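S.K.: Mind looking over this structure? Questions follow.
Quick note: the coordinates plus some simple rules give every number you see, no bench work behind them. Predicted, not measured: the structure shown is a model, and the values here were computed from it. Every residue, glycine among them, receives a Cβ derived from its backbone with ideal geometry; neighbour counts consider all protein chains shown.
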Amino acid sequence: MIVRITIKLKLALSFAAVIGLSAVMAALGLSNLSTMNNTETGIVAGPVQRMDLIHSMRADLLLENRAEKNVLLADNAQDVARYEGEEKAAEEQLRRHHAQ
């Protein structure tokens with residue numbers, strides 16, 4: 001038995017096939033995009049954390065240097081003691097960051 005398929009039906013089936021293939025490609029693309037995002041996040045996370053740590057250590061070192069300069073320029077014992085305390089705090093913070 002030969003079934004005659006009309007042009008209207010052929011056109012509808014072709015359109016449905018194109019939409020189905022587009023949906024499959026969209027799903028595949030989203031899946032691959034998610035995988036790529038996870039991979040990129042893993043690659044970038046390590047260097048970003050190291051850069052944050054380096055910036056923190058640099059700030060600690062600058063604070064320590066500033067406190068040391070202030071100790072040398074201080075006029076009285078009270079200022080010297082205060083700046084020495086700041087220097088020790090900055091040095092301790094630098095040591096904590098270095099231990100990470």
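S.K.: So what is the orientation-averaged projected area of the range 7-99, using the convex hull of its C-alpha atoms, in nm²? Walk me through the numbers on the way to the answer.
M.R.: On the way: hull surface 38.6 nm².
Mean shadow area of the hull around the Cα atoms is 9.6 nm².
S.K.: According to a simple spin-label model (label point 7 Å from Cα along Cα-to-Cβ), what is the distance in nm between GLN49 and PHE15?
M.R.: So the two model labels end up 5.4 nm from each other.
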